[in-house]
1. With a Förster radius of 22 Å, plug the Cβ-Cβ distance of Glu533 and Asp240 into 1/(1 + (r/R0)^6) and report the FRET value to the nearest 0.05.
2. First check a/c for segment 328-428, with a ≥ b ≥ c the square roots of the eigenvalues of its C-alpha gyration tensor; if it is under 1.5, answer rounded, and if not, answer prolate when a/b is larger than b/c or oblate otherwise.
3. Within 10 Å of each candidate Cβ there may be at most 12 other Cβ atoms; applying that plus a DSSP loop requirement, which trypsin sites (Lys or Arg not before Pro) in segment 364-418 survive?
4. Put a dot 7 Å past each Cα toward the Cβ at Ser140 and Thr338; how far apart are the dots in nm?
5. Per DSSP H run of at least 4 residues, take -39500 (n - 2.57); add these up for the chain, divide by its residues and hand me the 222 nm value, nearest 500 deg cm²/dmol.
6. If you take the beta carbon distance between Val358 and Ile388 as r and set R0 to 30 Å, what does 1/(1 + (r/R0)^6) give as a FRET efficiency, to the nearest 0.05?
7. On a 26 Å Cα-Cα criterion, which of the cross-link pairs Lys294/Lys330; Lys178/Lys217; Lys398/Lys489; Lys188/Lys224; Lys398/Lys440 come out too long?
8. Using a 10 Å cut-off on Cβ atoms, rank the peptides 117-125, 250-258 from the highest mean neighbour count down.
Amino acid sequence: MTLLFIILIEIFFVSLNIGYLSSLSKVEVKSTLKENVFIISNLIKEYKKDDYQQIFKGSDIRFNIINLNGDVVYDSTRFNKESLLENHGSREEVQVAIDNGQGFFIRKSTISKKTTAYYAVKRINKEGENVVIRVSKNYSPVITIIRIILLVEILFFTFLNISIHFFYKNFLKRDLYKKIEVIENFLKEKESGSALSFEKDPWILSFWRIVQKWQRKNLENIEKLNRDKRTLNQIIESIDSSLLLFDENLKLIIKNSKLSYLFEIDKDNYLELIKDIEIIELLKKILKNKKSFKTELYLSRVKRYFYICIKYLEEDKRYLLSIKDITQTKGVLEVQKTFISNVSHELKTPLTNIKGYVIALEDAPEPLKSQFIKTIKNNIDKLENIIIDFLNITKIEKSNIIKIEKVSVERLKAELAILLNERIKTSGAKITYNINLLDKNGNIKIDLEKVLTILKNLVENAIIYKGDKIPEIEISIIETRSKYKIGVKDNGLGMALEELNKIFERFYRVDKARTSNRAGTGLGLAIVKELIEKCGGQIDVLSKEGKGTIFIFTILK
Ligand code: ADP
């Protein structure tokens, strides 16, 4: 840019210079020709045409005299051959001289073909005629000189420009390298913590200030980015679904730690990362048609239901995969459905019975009436039991409150005895205890109400399903460092092995039990299991048909 500017100035200078030179030479030649005209005009006043040749013979002045018709009456180089010359009336300088008294032109001569300067003036000769004196001078040498000067100037400036260009290029390069070296050394000094010497190169101080400002801004941005990243990670982690972000080739960019059992560790290619072909197929689908979609999926490998959402983020050309385990929600819905249908079913049977017997009662013969009333009463008992159990289980499900208190085993025994008093009396059941506690004072730390409900249900069952024996029940309480292990053993009917994993389901009743215990609801063990799990424990059962059953459960301290 600078160089272009310099070249423009140079062109301007050269053209100014050459213009000035050519106008100077024009003035110069004009004044020479004027001088000649002055001599000639004086002579033609004094002498006749025939004497001109004599006077100008030795002179190098070239001139001719032209009458106002344009005919050449005298020519210093072609004396006496003037009649051969063509009419000069059309020559510019002659025309202008005739019209205005004088004319000056530089042009190519029509005769010699050389660039010539012409000066013509109108004068009166000795004979009193108006004539035009036209003097001329070869102008070619002047033009040649001007051209040479122009060439020299162009060469000079071209050379000058090239020199400036190379000098500056190298100089600036060297200077730049030097500056970079200084910056390098300076940064090294800064890194090593040695003292900074700004006074050497004051410009470096301003450079360092810029670097510092820039660095500060960068650090602030990095800090902000880190903060945002942390927040984003926390948000991703707090979501209860598994979230995975893939690039356009389905290479993993980021993922939270949820549902880790669906993924291989340390893999980022989706084919290696995802364990289940069903999810891989879904990803392949979106890779092909780039359309977001949601679907429910059952994974047979893990036996669970998932809600899968795959989004194509068009702007970034990325894929967002979210997987939510919906097994529980699905299960809860399923359980609720069967629970309602079971409750309705269980309520329907005693109600139908009651309705039937009430109708029959009206026309029944007297001796059967009391039997019918007894049946109605039994069915009402059953209805009541179902409703109480139903309310209990709903209450337990809703409440997460655990009231751990320190109670003596004796108190537990006594309260249980009160609750079972009637059943024990009617059945003649014998209850023994086997207590093994770490606490020397015989205290245990339990949620008394819950443990009492559990034991009451288990002992009641032990009495109900006694078969034809007198029930012998042993309750054992063993304390370990973290929990209590409690067992309820009976000598009753016992159960077949295939029944054991079903008896804790709601409304499940072993077939035989339906006849032996008409008031049973099939909710008792479901309540027991629920309560034990609320107390952080679990229940197991061992049983043998005809021999008896033992329920063992744990309760966290
Ligand atoms: P319900 O007693 O109302 O039928 P439960 O949930 O308490 O319901 O018990 C489910 C089933 O388990 C009972 O129908 C019964 O057949 C069986 N069962 C429970 N406890 C015992 C036991 N101690 N001995 C034998 N069978 C039992």
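Just so you know, all these numbers are worked out from the coordinates, no wet-lab data involved. It should be emphasised that the depicted structure is a prediction, and the values quoted were computed from it without experimental measurement. Reconstructed Cβ throughout: ideal geometry from the backbone, glycine too, with neighbour counts over all protein chains shown.
1. On the way: r = 21 Å, r/R0 = 0.96.
In this case the efficiency is close to 0.55.
2. Working: a/c = 4.49, a/b = 1.33, b/c = 3.37.
The shape class here is oblate.
3. Working: sites: Lys369, Lys374, Lys377, Lys382, Lys395, Lys398, Lys403, Lys406, Arg411, Lys413; in loops: Lys403.
Of the trypsin sites (Lys or Arg not before Pro), the ones in loops of segment 364-418 whose Cβ has at most 12 other Cβ atoms within 10 Å are Lys403.
4. It is 12.6 nm.
5. Working: 13 runs with 292 residues, N = 557.
Mean residue ellipticity, 222 nm, calculated: -18500 deg cm²/dmol.
6. Details: r = 23 Å, r/R0 = 0.75.
Plugging the Cβ-Cβ distance into 1/(1 + (r/R0)^6) gives 0.85.
7. Working: Lys294/Lys330 17 Å; Lys178/Lys217 28 Å; Lys398/Lys489 30 Å; Lys188/Lys224 28 Å; Lys398/Lys440 36 Å.
Table pairs above 26 Å Cα-Cα are Lys178/Lys217; Lys398/Lys489; Lys188/Lys224; Lys398/Lys440.
8. The densest-packed peptide leads the list: 117-125, 250-258.
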